[in-house]
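K.L.:
Mind having a look at this structure? Questions to follow.
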Amino acid sequence: MRQEQEARPPLAPLWNRGFCITLKTWSSGPGFLLKEDIMKIKHIDHIGIAVKSIEQAGKFYTDILGLKIEEVENVADQKVNVAFLPITDSELELLESTEPDGPVAKYIDARGEGVQHVAFRVDNIEEALDELKAKGVRMIDQEPRSGAGGAKIAFIHPKETNGVLVEICERG
Ligand code: ZN
């Protein structure tokens, strides 16, 4: 098993250049590129919820549900404050705009408060992005950028996902 894994990296460049469909079609036996070579989503890293006020909206999650706001972080380039509420190996992420023209403020103006994005955790975001691009998936972010909590993140275009804003996320 271990040897098999070590033998795989040389195939990665082919995979990344869009040969995955062809290779998958050929893969009929063990030892070739199989389903397990497809990007592994580890778990739902977090669910992002757009709110007008973390203080006000957070009360439901803390006082009623008993969750804890671990920290509130300012992400200046996204013009948001982000509050993390851990739930086992996942989190709720309350997003509050710090500027009237920030993306979260615009989201709330257009659609109201509520679930804004779902984030999937991967081991290696660069490989995940290469794979998505090789498969022709439209990305909002062509390269990973810094997200809250020291994560590397990238968003998939919601037109690919029937309107769901999907974030791919790697944590160190
Ligand atoms: Zn997020």
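K.L.:
Assess whether residue 152 counts as being out of contact with any Phe, Trp or Tyr (no Cβ under 9 Å at 6 or more places or on another chain) and either farther than 17 Å from residue 46 by Cβ or of a type in the set (Gly, Ala, Ser) (or both).
P.N.:
Judged against the criteria, residue 152 is not a match.
K.L.:
Among (1) over 20 Å from residue 82 (Cβ atoms); (2) in contact (Cβ under 8 Å) with a residue 60 or more places away in the chain; (3) charged (D, E, K, R); (4) surrounded by 15 or more Cβ atoms within 10 Å (Cβ to Cβ), where does residue 171 come up short?
P.N.:
Against the list (1) over 20 Å from residue 82 (Cβ atoms); (2) in contact (Cβ under 8 Å) with a residue 60 or more places away in the chain; (3) charged (D, E, K, R); (4) surrounded by 15 or more Cβ atoms within 10 Å (Cβ to Cβ), residue 171 comes up short only on (1).
K.L.:
Which of the strands (runs of 3 or more DSSP E) contained wholly in the stretch 57-119 include at least 1 residues that are touching an Asp or Glu at 6+ places or on another chain (Cβ under 7 Å) and surrounded by fewer than 19 Cβ atoms within 10 Å (Cβ to Cβ)?
P.N.:
Result: 80-87, 90-97.
K.L.:
Still on this structure: Going through the stretch 120-172 one residue at a time, which ones are charged (D, E, K, R), within 16 Å of the ligand (Cβ to nearest atom) and part of a loop (DSSP other than H, G, I, E, B)? Walk me through how you get there before you give the answer.
P.N.:
Initially, the stretch 120-172 is screened for residues charged (D, E, K, R), giving 121, 123, 126-127, 130-131, 133, 135, 138, 141, 143, 145, 152, 159-160, 167, 170-171.
In the following step, the residues that additionally are within 16 Å of the ligand (Cβ to nearest atom) were identified as 121, 141, 145, 152, 167, 170-171.
Result: 141, 171.
None of the figures in this text is laboratory data; all of them are computed from the coordinates on show. Please read all numbers here as calculations on a predicted model, not as lab measurements. We place every Cβ from the backbone using ideal geometry, glycine too, and count neighbours over all the protein chains shown.
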